[in-house]
Amino acid sequence: EFTNLTSSCNNKYAYKLEGFNRDWVIVNGNNKKAIYTNLDPGSYTFKVRTFNTNLNADEVEKSLRIIISPPLWRTPLAYAVYALVVITILYFARRITIERAHMRFQMIQQVKETERMQALDAMKTKFLTNVSHEFRTPLNLILSPIHDLAEVVSEPQQKQKILLIKRNARRLLNLVNQLLDFRKMEVQEFQLNLSEDDIVNFIRQTCISFSDIAEKKNIQFCFESNVDSYPTWFDKDKLEKIIFNLLSNAFKYTPDFGRVLVETHYQMENKQCGDSIELIVKDTGIGIPGDKHEKIFEPFFQNDVADNLLNHGTGIGLAITKEFVRLHKGTINVVSEPEKGTTFIVTVPVQKSNQPVVNLSSNSETIQTTPLFLPELQNRHVRRKTTQKILLVEDNEDFRFYLKDNLNSLYYTLEAANGAEAWDKIKYYKPDLIVSDIMMPVMNGIELSRKVKADPITAHTPIILLTAVGNNEMQMEGYRLGVSDYVTKPFTFEILASRIQNILLEQKKIQQDLLKKKDQVTPTDVKVAPVEEVFKKNLLEVVEKNLSNPDFTVEALSKALFMSRLVLYRKLIALTGITPLEYIRVVRIKRGAQLLRESQLTIAEVAYEVGFNDPKKFTKFFKQEFKILPSQYKQTHKLNASL
């Protein structure tokens with residue numbers, strides 16, 4: 001509303017809103033209002049003029065600055081929020097797109113990796129299958145004549161050897177067959193081949209085949225059944241493998257003087273599953289933790305057992321067993337606790353055959369017989385070349401029998417199944433030499449050697465260690481303890497016998513020399529060389545002995561001196577100021593210089609003679625040592641010799 005302006009009836013008004021009106025708006029004196037609606041946000045200037053009817057310049061002008069604020073959603077802050085929201089949406093949309101692309105890439109890679117692993121597994125399995133097939137033919141060719149020989153040979157000792165070969169050949173054949181069974185299990189090729197027979201008697205006869213193992217380990221082995229027989233239809237081959245795998249595990253993980261029980265229960269027909277045979281295998285072995293009960297039936301699963309239990313197996317036996325039980329439409333369960341033994345329960349539905357069923361009874365049959373006692377120095381009537389005693393320490397029963405059977409014709413042979421048992425016999429019998437395996441339960445060969453060499457009474461006893469794995473660290477430990485020799489498996493008996501003979505002859509010679517010199521030595525004749533001089537002498541002898549061997553290394557030098565590389569390094573630095581590698585090289589170069597002076601060999605021949613594969617290296621190190629080339633050195637000494 002226009003106020004404070006000159007009021008006159010002849011006056012008129014004109015107003016203008018700069019930023020909105022282009023021209024002035026003229027109104028009469030009675031209308032003193034200017035109305036604006038829906039103005040855009042911004043800054044405006046409202047101007048008002050008064051003038052008379054003649055539009056003279058006699059006018060008054062007033063102005064008013066007006067600022068219209070935008071609504072909240074159109075403020076700069078709102079636009080900043082809008083921009084931030086858009087950027088956030090774009091960021092997360094891009095991130096989701098990238099993650100999805102990454103996931104698709106990972107899925108493609110996983111599919112490719114799975115296909116590659118499946119192809120690799122198929123190739124490995126095919127290879128194992130082909131190799132297994134190749135093994136079966138020679139094994140069968142071994143078993144057939146061995147079976148015939150076992151029938152015709154009557155001499156007990158020879159027959160025992162033949163049965164040893166047969167038993168181990170069958171064991172190898174069973175392992176080969178397991179590989180083939182595992183392959184068939186993977187490709188779902190198993191089928192039941194049913195035949196009619198007495199299932200109770202079949203289980204009993206299969207169990208009897210384990211009686212020799214029970215006798216060797218002094219395990220009480222029993223078979224119990226609530227029926228004398230039950231004729232039915234079943235797959236003999238697969239049931240035999242079920243029993244074989246369960247009993248193999250039972251005897252493997254049951255210590256000596258334990259107990260293994262096989263029970264067969266016939267369960268009468270019921271509405272749910274009809275007749276069934278329940279096979280139970282119980283042992284007093286190491287047991288299985290509760291969280292591993294389901295995993296033991298997975299392929300290649302092996303329970304963590306103590307280090308003193310060897311030959312853990314392949315881990316496929318129970319997987320195959322479960323598959324065979326499933327084919328019979330049965331179930332297998334395990335009940336076990338650590339240190340309390342294990343019980344496997346196999347339940348298989350059966351159908352009565354036309355043959356009569358023997359009545360139910362409570363039948364308990366002990367399979368194992370009392371093991372025979374064999375005195376330590378058995379076969380005393382055998383004529384031997386010497387009266388020396390050899391202690392044979394080996395945990396494998398068959399291998400120990402093989403070695404003892406051959407050594408017994410040459411020496412009185414004692415035997416032990418582990419280091420702890422051997423130590424008791426060493427203290428009592430005081431053998432002249434010990435032959436021991438390294439990997440054994442209770443106490444291994446290294447621990448036994450340490451115990452023998454630490455005792456002043458037995459420290460002089462020579463020890464030969466047998467090993468199936470060329471572990472340099474373990475061999476170094478043995479040499480540091482004073483072990484006389486290592487024999488790597490497999491080996492022939494002649495090799496072992498010759499090493500035993502050489503060690504015993506050397507020991508006997510040393511004893512004879514000591515006896516001869518015993519009365520000749522007087523206190524004034526005794527000269528004790530300093531330890532450093534003895535070390536230097538031994539060091540030089542070892543290096544000179546191996547000069548022509550280009551593969552002679554610091555590791556071999558330390559082994560020959562019966563010390564670690566670190567000890568050799570420190571000792572040699574302290575005595576000579578040079579490292580073991582430099583010492584070997586200096587001895588080689590100086591020997592080369594001798595050959596250049598005193599022989600007609602060429603420089604290349606001399607280089608090879610002192611252990612350099614490359615004559616250029618010999619020339620390089622020779623110049624470093626003598627500040628002259630080998631050719632100049634040789635020429636100089638020829639001129640001196642001619643003068």
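The values are calculated or read from the model by the stated rules, or taken from the named source; none is laboratory data. In this text the structure is predicted, and so the values were computed from the model without any measurement. Backbone-built Cβ (ideal geometry, glycine too); neighbour counts: all protein chains shown. What goes into the accessible areas is simple: the full protein's heavy atoms, side chains included, and nothing from ligands, DNA or RNA. Shrake-Rupley method; radii C 1.70, N 1.55, O 1.52, S 1.80 Å.
For the reader, a short list of remarks on this structure follows.
- Extension reserve of the K166-E625 stretch, reckoned as 0.36 nm per residue once the Cα distance is removed: 158.8 nm
- Rolling a 1.4 Å probe over the protein chains gives M440 an accessible area of about 10 Å².
- Note on E224/K489: beta-carbon distance plugged into 1/(1 + (r/R0)^6) with R0 of 51 Å gives a FRET efficiency of 0.80.
- Put a dot 7 Å past the Cα of M123, heading toward its Cβ, do the same for E18, and the two dots end up 8.9 nm apart.
- Label separation (E397 vs F92): 7.2 nm, computed from points 7 Å beyond Cα along the C-beta direction.
- Net length gained if the chain between D614 and E541 were fully extended (0.36 nm per residue, minus Cα distance): 23.9 nm
- Sites T114 and L192 - FRET efficiency at Förster radius 56 Å, r taken between beta-carbons, to 0.05: 0.95
- Modelled spin-label separation between D551 and D291, with each label point placed 7 Å from Cα along the Cα-to-Cβ direction: 4.7 nm.
- Quarter of Cα convex hull surface for segment 577-621, i.e. mean projection, nm²: 3.1 nm²
- Shape analysis of segment 412-465 based on the Cα gyration tensor places the equivalent ellipsoid semi-axes at 15, 12, 10 Å, largest first.
- Amide H contacts under 5 Å for S276, placed H, 5+ residues apart: Q267, V350
- In whole percents, the pair-distance distribution calculated for segment 550-643 from its alpha-carbon pairs, binned every 10 Å from zero, is 16, 41, 27, 13, 2.
- Accessible area ranking (1.4 Å probe, heavy atoms, ligands and nucleic acids excluded), largest first, for T264, T488: T488, T264.
- With 0.36 nm allotted per residue and the present C-alpha distance subtracted, the A78-S248 stretch has 53.2 nm of extension available.
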